[in-house]
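The values are calculated or read from the model by the stated rules, or taken from the named source; none is laboratory data. All values derive from a computational prediction rather than experimental measurement. Glycine gets a Cβ as well: all are built from the backbone with ideal geometry, and neighbour counts include every protein chain shown.
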């Protein structure tokens, strides 16, 4: 990677210091209207969620372009694209993060629209991803070229996106080879990439024999701003100089997807173990789950530095309960959501927009997606009707400021009161954005489409929510 590439994809750390535009007193109480697992009537759902609009906007306005312009004949996904969807710059590499996220996006969009042209692209991209596997030590290389030449042989926490995408490709296409590959990877991550009660929370050398400082989800190095990913709102935003342990949000997400695809008791056992740990480590005073911990597993970092993850955790805990977890996690997710709303910029209608000096600052696309997803989830499934105004306002903000109505796709950032300018403002994807493609957009549209289905039925509560599996840490 060139210095020019790094300069292009990096944003100043202060962009992630999202200033609070509302006090705690201005945000709704988590338990005010909370009714876990009680979806509102379909007629009420349809007043807020337009399923046809979701499907058409996601496919025709975004993912169609990626299918057409980014997936090459051998399945390699080219991510650096300009506004007209042509290759931009010189960076030609498939990262496990980017290849996995884009594959996941195409697969979920296919489930929504059933467009047959997606299937060929999905299978080619999935087969390319499977060839990124390390045949000697297992796991998937972090980065390879379009010719499969290994660029980075480390095993990062982004294994989650290989796991999640392969599981979903297997579930939706019915091809067992992808589910088998996902289960093999799950066991490797579980057995070789464990940090206390959690898996996939660190970066390792090729043979998994030791950690790699400073890599994605790699421990203390995350606080050192050594990479564009560390500066763009990943796990580093929750860490600090004392961070020694961590939770990989996306690995937990992948486990939920893998369980849905396989119904595997083996996978649920791992999920249950991690849920037990989440219940122990949750900060009940502040109302959130820390993602960074010191040597004694005491939470470190400031959750307000990355409120987007507060909304993501709220959505994931809700999904875990749908799949069979103890309903108590709905209240924990609801509290996390409320803490995130303390950083909501009501004047603008989203997260961010003001830096630490009170000046206008760029607002990244992905936190807005997570606000929409979490508020709609808790309003639709868990009785929190007072969240609809946040949902509506943020959705309108996204429609107005992020859709590229000229060439399709989304813009990366919006700065209140300032026009977009320069090449970077119009790039459709970036390998180190981190992996700015269509993942967050797809996840919010897909989840809203899923929970608003006329035949929606949550999974029945499992007889034994927790396996009472404990690990020393």
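Overview of results
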{"item": "Criterion (under 18 Å from the mean Cα position of the chain (by Cα) and either touching a residue at least 60 places away in the same chain (Cβ under 8 Å) or surrounded by fewer than 20 Cβ atoms within 10 Å (Cβ to Cβ) (or both)) met by exactly one of 292, 287", "result": "292"}
{"item": "Test: residue 408 is assigned to a loop (DSSP other than H, G, I, E, B), at pLDDT 95 or above, out of contact with any strand residue (DSSP E or B) (no Cβ under 6 Å at 6 or more places or on another chain) and more than 14 Å from residue 350 (Cβ to Cβ)", "result": "yes"}
{"item": "Identity of the residue in region 344-356, surrounded by fewer than 24 Cβ atoms within 10 Å (Cβ to Cβ) and either assigned to a loop (DSSP other than H, G, I, E, B) or in contact with a helix residue (DSSP H, G or I) (Cβ under 8 Å, 6 or more places away or on another chain) (or both), that ends up modelled with the lowest pLDDT", "result": "356"}
{"item": "Residues that are in contact (Cβ under 8 Å) with a residue 24 or more places away in the chain, surrounded by fewer than 23 Cβ atoms within 10 Å (Cβ to Cβ) and in a loop (DSSP other than H, G, I, E, B), drawn from region 142-166", "result": "145, 146, 153, 154"}
{"item": "Filter result (outside any helix (DSSP H, G or I) and touching a strand residue (DSSP E or B) at 6+ places or on another chain (Cβ under 7 Å)) within region 65-80", "result": "70, 71, 76, 77, 78, 79, 80"}
{"item": "Residue 124 touching a strand residue (DSSP E or B) at 6+ places or on another chain (Cβ under 7 Å), at pLDDT 95 or above, part of a helix (DSSP H, G or I) and surrounded by fewer than 21 Cβ atoms within 10 Å (Cβ to Cβ)", "result": "yes"}
{"item": "Candidate set: region 444-473, residues that are in a loop (DSSP other than H, G, I, E, B), modelled with pLDDT of 95 or more and touching a helix residue (DSSP H, G or I) at 6+ places or on another chain (Cβ under 7 Å); chosen: the one nearest to residue 318 (Cα to Cα)", "result": "452"}
{"item": "Test: residue in region 306-316 that is modelled with pLDDT of 95 or more and under 17 Å from residue 268 (Cβ atoms)", "result": "yes"}
{"item": "Condition broken by residue 88, with the remaining ones in (1) at positive phi; (2) touching a strand residue (DSSP E or B) at 6+ places or on another chain (Cβ under 6 Å); (3) at pLDDT below 95 satisfied", "result": "(1)"}
{"item": "Set 447, 412: member being within 14 Å of residue 367 (Cβ to Cβ) and either surrounded by fewer than 22 Cβ atoms within 10 Å (Cβ to Cβ) or within 18 Å of the chain's Cα centre (by Cα) (or both)", "result": "412"}
{"item": "Odd one out for residue 228 among (1) modelled with pLDDT of 95 or more; (2) in contact with a helix residue (DSSP H, G or I) (Cβ under 6 Å, 6 or more places away or on another chain); (3) more than 18 Å from residue 292 (Cβ to Cβ)", "result": "(1)"}
{"item": "Condition broken by residue 241, with the remaining ones in (1) surrounded by fewer than 21 Cβ atoms within 10 Å (Cβ to Cβ); (2) at pLDDT 95 or above; (3) assigned to a loop (DSSP other than H, G, I, E, B) satisfied", "result": "(2)"}
{"item": "Test: residue in region 40-49 that is surrounded by 14 or more Cβ atoms within 10 Å (Cβ to Cβ), under 23 Å from the mean Cα position of the chain (by Cα) and modelled with pLDDT of 95 or more", "result": "yes"}
{"item": "Qualifying residue in region 50-64 (condition: at pLDDT 90 or above and not in a helix (DSSP H, G or I))", "result": "yes"}
{"item": "Residue list for region 255-284, restricted to those being more than 21 Å from residue 328 (Cα to Cα) and surrounded by 21 or more Cβ atoms within 10 Å (Cβ to Cβ)", "result": "258, 261"}
{"item": "Among (1) in contact with a strand residue (DSSP E or B) (Cβ under 9 Å, 6 or more places away or on another chain); (2) closer than 13 Å to residue 83 by Cβ - the single one residue 417 does not satisfy", "result": "(2)"}
{"item": "Filtered residues of region 254-284 (kept if assigned to a loop (DSSP other than H, G, I, E, B) and free of Cβ contacts under 8 Å to residues at least 40 places away in the same chain)", "result": "263, 284"}
{"item": "Selected residue (criterion: nearest to the chain's Cα centre (by Cα)) from residues of region 295-307 that are buried (at least 23 other Cβ atoms within 10 Å of the Cβ) and assigned to a helix (DSSP H, G or I)", "result": "307"}
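Yes/no per residue for (1) in a helix (DSSP H, G or I); (2) farther than 25 Å from residue 69 by Cβ; (3) out of contact with any strand residue (DSSP E or B) (no Cβ under 6 Å at 6 or more places or on another chain):
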{"site": "332", "(1), (2), (3)": "yes, yes, yes"}
{"site": "339", "(1), (2), (3)": "yes, yes, no"}
{"site": "358", "(1), (2), (3)": "no, yes, yes"}
{"site": "366", "(1), (2), (3)": "yes, no, yes"}
{"site": "372", "(1), (2), (3)": "yes, yes, yes"}
{"site": "379", "(1), (2), (3)": "yes, yes, yes"}
{"site": "391", "(1), (2), (3)": "yes, yes, yes"}
{"site": "394", "(1), (2), (3)": "yes, yes, no"}
{"site": "397", "(1), (2), (3)": "yes, yes, no"}
